[in-house]
1. So, with +1 on the Cβ of K and R and -1 on the Cβ of D and E, and no other charges, what is the size of the charge dipole of segment A:459-546 about its Cα centre, to the nearest 20 debye?
2. Compare each residue of segment A:14-46 in its chain alone against the assembly with all protein chains, and report those whose accessible area goes down by 50 Å² or more; 1.4 Å probe, heavy atoms.
3. Once you sort the root eigenvalues of the Cα gyration tensor of chain A as a ≥ b ≥ c, which label holds: rounded (a/c under 1.5), prolate (a/b larger than b/c) or oblate (the other case)?
4. Tell me what chain B gives for mean residue ellipticity at 222 nm when only DSSP H runs of n ≥ 4 count, each as -39,500 (n - 2.57), the sum divided by the residue total, rounded to 500 deg cm²/dmol.
5. Pairs of Cα atoms under 8 Å, at least six residues apart: use those to get the relative contact order of chain B, whole percent.
6. Using the Kyte-Doolittle scale, which helices in chain A average at least -1.0 and also have C-alpha atoms spread 18 Å or more along the helix axis, with helices defined as whole DSSP H runs?
7. Using only atoms on other chains, find how many Cβ atoms lie within 10 Å of each Cβ of peptide A:84-90 and report the average.
8. In debye to the nearest 20, how big a dipole does chain A give about its Cα centre with +1 on each Lys and Arg Cβ and -1 on each Asp and Glu Cβ?
Amino acid sequence: MVVLTIDGKQLEVPEGTTVLRAAQQAGIHVPTLCDHPELTPYGGCRLCLVEVEGARTLQPSCTLPASSGMVVHTSTDKVRTARKFVLTLLFSERNHFCPFCEVSGEDCDLQQAAYGEDMDHWPLQPNWEPQPVDASHPFILMDQNRCILCRRCVRACAELTGAFTLGFEERGARSALVADYGLPLGESTCLSCGMCVQVCPTGALVDKRSAYLGQKSVLEHNQTICLECSMGCGIDVLSRNDQVVRIEGNWEAPVNDGVLCVNGRYLSLDDNRDRLQSPLVRKDGQLVPASWDEALDAAAAGLKPLIGKNGSGVAAAASTRLTAESLYLFKELFAGKMGSALVTSTEQGAATAAAARLAESLGKPFEAKFDALKNADCIVLVGAELNEQNPVAGLITRRLRATGAKLVIIDQGDNSLSELADSALLVKEGSLSDLIAGLTAAVVKQGLSRLETALDGRKALSAATVKTGISADAFLTTARMIAGASQPVIVFGQNLAEPAVLLDLAAATSAGIVSLKGGANSLAASQLGLDQPFTVNGQQAVYLALGDEDPTESLVKSLAAAPFLVVQASHKSALTEKADVVLPVEAWVERQGSFFSADGRLQQAVSSVSLPEAARDSQAVLVELAARMDIPLDAGGWQEAFNRRISPVTIY
Amino acid sequence: MQAYRSMVLVSGDPKSLALGAQAVYERIQDEVKALGMQDEISILLTGDVGKSDALPLVVIYPEATIYGPVSVEDVPYLVEEHLYKGRIAHNLTVDVRLQSGKTAWLSARKGTMPAEHRIVLERAGLIDPESIEDYILHDGYMAIAKMLQEMSPEQVLQELQDSGLRGRGGAGFPTGLKWKFVAKANGSKKYLVCNADESEPGTFKDRQILEGDPHLILEAMAVAGYAVGADEGYIYVRGEYALAQQRLLRAIEQAEEMGFLGENIFGTQFSFKIRIHSGAGAYICGEETALLESLEGKRGEPRSRPPYPTTHGLFGKPTLVNNVETLANVPAIIVHGAQWYHNIGTASSPGTKCYTILGNVNQTGLIEVPMGITLREVIAIYAKGMQPGSQLKLAQTGGSSGSIVPASLQDTPMDFDSYAKASVSLGSGALLICDQETCVVDLARVLMNFFRNESCGKCNPCRIATQRSYEILERISMGKGTLEDIDKLEDMSSNLFEMSNCGLGQTAATPMRDILIHFRAEVEAHVRLGVCPSGVCPMHEPVASLVYG
């Protein structure tokens, strides 16, 4: 701990704390522009300059480490003059005519800083050349004219996402923000994660969708979680008049620490499907609008006779994007009360069944938490296509890679991250297990195994080279890479059919195993046993709790001959067209309830906007439907249900 | 070693090479061979022998006769006359007044020119820079030999500290102290970086050392590496110094072959490797932390300090960064001892300093003289006085980041402390001598134009204030300035110094500050009277017909 004095206050802070953070912790306001709590200090804007006794010149508090005995003054005349000078210069450098700017108001740090210093005019004649605005990107507008060159975006692009798309060209007064040495942003290597927009202090990087729809302070904020994949990233949903305006990463969220991907920030709002406007019931072959009573009665009438019919009764599948409570009620109703044999999820256990079986056979969880991934110094991707399925995990991998972590890719065919890999072992269809066995053998053969083993490394390795066609050298180098790391982690995805082979490799290298699973509540569905294949065969009715999931073509096709089809969904789809009863429910932004992330973290989703008039909550619909079949149903004690089965990862 | 009766030096600086020095060198070899004298005469293509209008130069010892410009066609006659017949070929000798620094020193042996005091430039221009044998012959690699046989790293550190050597890059930080910081820093991996990104306009001392005596730097770096515990060194050479890079590479190759560099040097535990890194033309990369960033492959932007490179330098490891001239002093200190060094120069700034003399004087070029000499002496003795009709108005020291020294300070001893006391700085050692026809507004404008282009753009004060200052100075030079503009300049200069992140921004303020301290009346004349007293500034906006016609 070091003891320093700021503005007469004696403060004790841990060693390595900057003067700025020390001041902030003591409630002393020091204005900043280039500083951002999630980014490394830069010291470029010079707005946070403070007077340090004994120092030759003013010192930037954002980069200055506090040291014992340091005496700091944050609001002397000299400091205030300096701040004004910085702001004066910035206002003279580019077009900062606030009235015409999207962020004018509380959203602009520059404007706020100027108000904070009581600036009411520009002491220096502004002198700039207008710069073209780059609108080539689908989601982001880049306006050089508003840029204050603070490099927050550049640092975010490098440090948070490892994309390294943004950078600076030229020197001095001609310095300018560029993507990839000067490509239009829309044609660059940009991953569209939007972190740059989230950290931009001015109107230089603007979110196209939400531009001019209101300042952050007038928008409603709801901290919830993203349902695009199973990571459970924390998001802040900004809305106005029940319309979602924008999504930002929640800096406080434990999973993603504020980082979001293109799916979570932009694509989740890119929904062109039509909402269902009312319940629908098929009458005389025509699907016609009906009241909720009519629709529920029609569904109950079709389903009630099937209670206890087991295999020939009702086949039911639920989306893994539904809340844990809904999934529990769904399982209770159809499997528990109605006794149906085929009750599963639309995901059909593709991403979870093998791991669940493995956990059961081991009698204990074998997967690690996301923290293992976030702190890894060697990442082994096994059959995991992160860019598409779990982009935030991809961003984490990229940024770790940039700080020196090794990246090993083991996959069939190609993997979109393989150009970043230190070693990429790509095999033809079917021999992923052989490849992993070969790697384990290579670890053992080189005497690097952390565990005693009876395995004959030499024999097993030569067998693997024959089976996979990959050279022994490649196996040995890659094995050294993994075994040489102090915190390796193996991330496996859906391309790996059987995760059991990973256990030996993980044991030999002390690696953590992380699975990214499928939909947002993939783990919950798996824990409820909703993980069998959905093969409709002779059932007299089919019930689909789709929520806002878009049904796959094969699902639609497989249900073409269903005698009685009830679909519970938020949007119109090919499936609702075929249904006999359609029950409109909530979309993800309106959904409220519990979700288990892929690493077993129980999180709450809150509804950010109200339900449309026609729709009801999935949970309520299931309870109501049950009531009409004289089945009492409630969600009490639902949490119990998720612990009845041994989970691949500890649930908490 | 073989004794020669004559020694022929052909100037091998880039300009001479461009003018055919290589062909002259080869032709001399051929001619000497044709006359069967190859065992009697040594022929060397050496470093720069002096900035001159008569390149390429050929210097022949022991007579120390200088010929130039020498063409290939001149060679047979020259060789026959001077080397075979023993007569000086007067029609080819060069006018001594065309000669500068180095040749001046050569001439000193004949008693025609005042003597310099050469330590770092002792061999440059005298030996074959591409021959390690020649370096060794001239007492090269003696420091390594002495150090490895007789001295512990602590003793080397102490010797350096006792010598009082101070950094020659401009700031004058005590070198021994810096070495001790690095030696004491935690961590087993340490780096040594030689800053050879000599980018100050008008400064070319490091270049002469690197081109003329590359082994000197390698030896100095090995000594430094031994003292601070570094086993890896980088020389960050300015990109434009292609010849220096080429000669350094050659020198490293030879030194490794002979075992002065590499693993377990002379069977000791000491290993040292040196790599060359070429700069890419950014002035800012001469700033040590920007240099380190650039060396790491990043954009050359200065870091925030603390932490300092001595504890968090290259790749985050403790790193010693020294200028070429600083390092070049080291072998001599080790060989001759701290006391010897301390007797040269002044008590607080021992040793010599290299100056590159430019401007309105009779003789420009590079000199190496003891610290504490005055500007008056430099001009009178080494520069052969001001040009006819010129009077000293000011000297701009240390390239663009130095000071503007008015004539009134020409008797101030040129050493770190005396200059600091007078609020001026020595900087890198460039001396731009300006006469009465120099306008201070124009000078400041030109310097500010340099800074606004060379600022890295990282910190706001430097990036924007250099641009705004340039605009104001330009306005004043076009007769459109106001008194308020002068106040703004004062503001800019004090704020630039207070608020900038690195030395570039801080020293960018100096020209404005200095002209307003020493020549305020002249600046005000531009504004109040609408005239440029020196008749340099246009005092009107560019006339279209002049620009486009």
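The values are calculated or read from the model by the stated rules, or taken from the named source; none is laboratory data. Note that the coordinates shown come from a computational prediction; the quantities given were computed from them, not determined experimentally. FYI the Cβ positions are ideal-geometry reconstructions off the backbone, even for glycines, and counts take in every protein chain you see. In case anyone asks, the SASA skips ligands and DNA or RNA and just uses the protein heavy atoms, side chains included. Shrake-Rupley method; radii C 1.70, N 1.55, O 1.52, S 1.80 Å.
1. 140
2. Going by heavy-atom accessible area, the residues of segment A:14-46 that drop by at least 50 Å² are A:Tyr42, A:Arg46.
3. oblate
4. Mean residue ellipticity at 222 nm (helix-derived): -11500 deg cm²/dmol.
5. Relative contact order comes out at 12 percent.
6. Span-like helices in chain A: A:77-93, A:432-445.
7. 6
8. Computed about the Cα centre, the dipole is about 1140 debye.
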